[in-house]
Structure formats: C-alpha cells, structure tokens
Amino acid sequence: MENKPTYHDLLKLFFGVRGEDFSLPNMDQKKLEKIQKYLKHLSFREEKEISSIIERLYGSLPENRFFKEDTVLEEIAVIFSRRKIKIEKLAENIQAWTKKGSLAFDIIAYNTEAAIVINLYSAVDRADIDEFLDDVEHFKSYFQEFKDHALYCAMGMIDIDEESFKYANTKGIYLLRKSTDVIKIINKRAFKPAIW
C-alpha cells in the first residue's frame, strides 16, 4: 500500500524547514491554527522545498498541487510585453542580506530601466498582500543594483478571494493566475500598477 504524507508529517516538515523542534502533544490550539493557516498559504519557494522533501520520503505528489515556476517563467516575458514592459532577463529565488536582515523573492523580471518582483502562492489573502507589499517597500535597500529602476510587483496564485482581489488591485499589484497551463494577468481593465 502506498504511503501518503499525513498532516502530522507536514507539521514536522514545517518545523524542520525552520530548524525548530516539533511536538504535537505540546501544541496549543492557537499555534496549531496559525500553522494550519500558514500551510494553506505557503509561498512557492516554501512549497517547493517541502514538496521536495515529501517526494523523497513518499514519492511523487499529485499533479497541479503546486504552482509550477517553470511554466510561469516561460510566459512572463510575453504577458508583460503586452503591458509595454519589455523583459530582457529573469532570475529565480533571489535573496539578499544586510545588517538589518534578509529579503527574498521567487522571481525578478527586468530590463535596464524597469523591474518586476514576483512571489508565487497557491492562494492569496489580505495578510499575504500586506506582507508582500512590506517586502517590496524594502526591495531597493536590499537590492541596490535596482535602485534606479522603475519597480513593479506581481503576485502569482491559483486562488484568490474577491475581497483580496479588489484590495490587491487598489494597491497596484499585478495579479497572475494559473488556469490549466496558461498564466494570465487578471487585474481589472482600469488597473494602474504602482511604481516604486
């Protein structure tokens, strides 16, 4: 009989990725609920790392569970060229460290004048949007090589609720949604992207 990862396994992986000890009997309800919510809204980078561990332990996972980054990369240049942002280069899993801490993004797409930072999610809510915007606000202080670029931001997801969709639009975030194997910008027609 094929072994499948249990929720307990996912919790262990959640803490293992962070180098923390895990003990389910000692888990209080508030912390458990927080972890449950977090696991529902993992970033692509965290999903990729955890799914890799699960696959080594249990074999392959069902298809379409995760937002496939290679699919996104193939289409980013095309979809943003339609928005008059010509993409010349792409970088994945970018990270920077300063005395203040570290900052990471899943993808950056750029040319000599403009850059788009992109994080990928399975689902997006308002808390994810606020956290992402906070990271974008600090982007140029960590990535000095882009200090003179016009900076845009985008969130890629499979699911987003209506309230979060409206909120992200008002904040000027490009929204990319996966539908089968196609990535589309799903912002409203009157959308105006924010520029940092």
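Read-outs: derived from the displayed coordinates by stated rules, not from any lab. Fair warning: this is a prediction, and the values are worked out from it, not measured in the lab. Here the Cβ positions follow ideal geometry from the backbone for every residue, glycine too, while neighbour counts run over all protein chains shown.
Given the pairs LYS100/LYS184; LYS99/LYS184; LYS84/LYS166, which are separated by over 32 angstrom at their Cα positions?
Too far apart for the 32 Å limit: LYS100/LYS184; LYS99/LYS184.
Could you give the size of the charge dipole of segment 69-185 about its Cα centre, using +1 on the Cβ of each K and R and -1 on the Cβ of each D and E, expressed in debye and rounded to the nearest 20?
Taking the Cα centre of segment 69-185 as origin, the dipole is about 520 debye.
Compute the length gained on full extension between ILE94 and ASP159: take 0.36 nm times their separation in residues and subtract their Cα-Cα distance, giving the result in nm to one decimal.
21.0 nm
Tell me, what is the FRET efficiency for ALA150 and ALA123 to the nearest 0.05, using R0 = 45 angstrom and their Cβ-Cβ distance as r?
0.95
Just to verify a number: FRET efficiency for ARG189 and GLU74, C-beta to C-beta distance, R0 = 25 Å, to 0.05?
Given R0 = 25 Å and the Cβ-Cβ separation, E is 0.45.
Under 8 Å for C-alpha pairs, at least 6 residues apart: give me the relative contact order for segment 106-196, rounded to a whole percent.
28
If you take every DSSP beta bridge fully contained in segment 69-185, what fraction is antiparallel? Give it as a percent rounded to 5.
Antiparallel bridges: around 55 percent, rounded to the nearest 5.
Under a 5 Å amide H to amide H cut-off, with H placed in plane at 1.01 Å, what residues pair with MET157 once short-range neighbours are removed?
TYR121, LEU176, ARG177, LYS178
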